[in-house]
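So the structure is just underneath, and the comments pick up after that.
Every number in this text was worked out from the coordinates using simple rules, so none of it is lab data. Fair warning: this is a prediction, and the values are worked out from it, not measured in the lab. Using ideal geometry, Cβ is built from the backbone for each residue, glycine included, and neighbour counts are taken over all protein chains shown.
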């Protein structure tokens, strides 16, 4: 289970959850957080630890975890405080983030070429590196999932960076062969996962993005906006046709 799923989706101290269960429960931590008054830090830590230990024991013994709603509330508070602290640290240490947002009803790209959202993302990444001088190079790290999907992405990236003029130019800053890692083993990939999750569900840029945002994510979304989400910093790119309602932007302002 990824960090994002375990914190923002799951309300139970045990894992795993199916995709459907996660979808049904994605708002549970926010609801449980307010079941009881906010616990003092030490009490919350103790209750959350007891909840997690009971969950681990129940999983090992193949039984249902037995915890109180106060334990679950403390765990939910700890999870959300953790996410807030992660985004706060990203802001304090001038972390840079980029995102491509594609409308969920956009049709799948036809053909074997690199998807437009990836192409725009590499474009933003390239210009960010280019502004920092010739000594700066960028590496691309993906969350490893299905092996066949990884192979397809490798081939598409190789074709883009070798066979297109823009790709060859951007390969001077972006190393054209990506790395694949398991997100549960890489802290920074998990941080990117949290940023992507909050951006997807909680960040809306008017007037183009009209779908409702999840209100309970506003506080976390505000942190992402503080990282530098502004009209001047985004460099918006909209397309029509194959990928309608595609928006690409850099979430971080230049320091």
Legend entry - Cα→Cβ-extended label distance, 7 Å offset, between residue 135 and residue 105, nm: 5.1 nm
Legend entry - Nitroxide proxy distance, nm - points 7 Å out along Cα→Cβ at residue 185 and residue 45: 3.0 nm
Legend entry - Extension gain from residue 151 to residue 175, taking 0.36 nm per residue of separation minus the Cα-Cα distance: 6.9 nm
Inset, instruction - Please report, in whole Å, how far the alpha carbons of the stretch 34-184 spread along each principal axis, starting with the longest. - result: 60, 37, 30
Legend entry - Separation of alpha-carbon centers, the stretch 101-171 and the stretch 50-85, rounded to whole Å: 38 Å
Inset, instruction - Calculate the all-directions average of the projected area of the stretch 102-171's alpha-carbon convex hull, and give it in nm². - result: 5.7 nm²
Legend entry - Most to least packed among 118-126, 103-111 [average Cβ atoms within 10 Å]: 118-126, 103-111
Legend entry - the stretch 74-143: radius of gyration over Cα atoms, expressed as a fraction of 2.2 N^0.38 Å: 1.53
